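What follows draws every value from the coordinates through simple rules; no lab data is involved. Treat the numbers as computed from the prediction; the structure is a model and nothing was measured. Methodologically, a virtual Cβ is constructed for each residue, glycine included, from the backbone with ideal geometry; neighbour enumeration extends over all protein chains shown.
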Amino acid sequence: MMSQREGGFLITKIHHLGRRVFAELLKQKEIEIGPGQGRVLFALWERDEVPINDIAKRTLLRKSTLSELLDNLEESGYIDRVQSKEDRRKVLIRTTEKTNKLQKAYIDLSVAMTKLFYDNFTSEEIDQFESYLKRVLENLVAFETD
């Protein structure tokens, strides 16, 4: 029998504390979005004007959570919902000029957060750590899709 391990608990603690620290950094820079909204915008900065399903797959957010975040982002003027020109039944999500102005500041904060996160790690340690995290993620994704 496997003894109780701390990995999941540590990941949860890191997640919650990391969100609080990142939210504080956003507040200090007077950026009016939360970490969850930033996660959606970051996905859109990588690939804009996409269906909701695409964003859900890339962020691993549930559709109900994503819908709420998208509603708030749209209400605040950060995204628009537009009909696809190829398939009028599809709704696409695209960034606005307001979002594009925010992009550099948000990415700069993400870089600062990454530096904080990996302080005192060597490149090799980071590579190894991230490879382990990817394996854990693969295990969880495989479980959820079974």
Test for F129: is it more than 18 Å from the chain's Cα centre (by Cα), farther than 25 Å from L25 by Cα and in a helix (DSSP H, G or I): no
Only one of A43, A23 is closer than 17 Å to K98 by Cα and surrounded by 11 or more Cβ atoms within 10 Å (Cβ to Cβ). Can you tell me which? A43
Of the residues in the stretch 21-39, those that are in a helix (DSSP H, G or I) and free of Cβ contacts under 8 Å to residues at least 40 places away in the same chain number 7
Tally the residues that are assigned to a helix (DSSP H, G or I), closer than 15 Å to G18 by Cβ and hydroxyl-bearing (S, T, Y), restricting the search to the stretch 110-126. 2
Can you name every residue in the stretch 1-20 that is assigned to a helix (DSSP H, G or I) and hydroxyl-bearing (S, T, Y)? T12
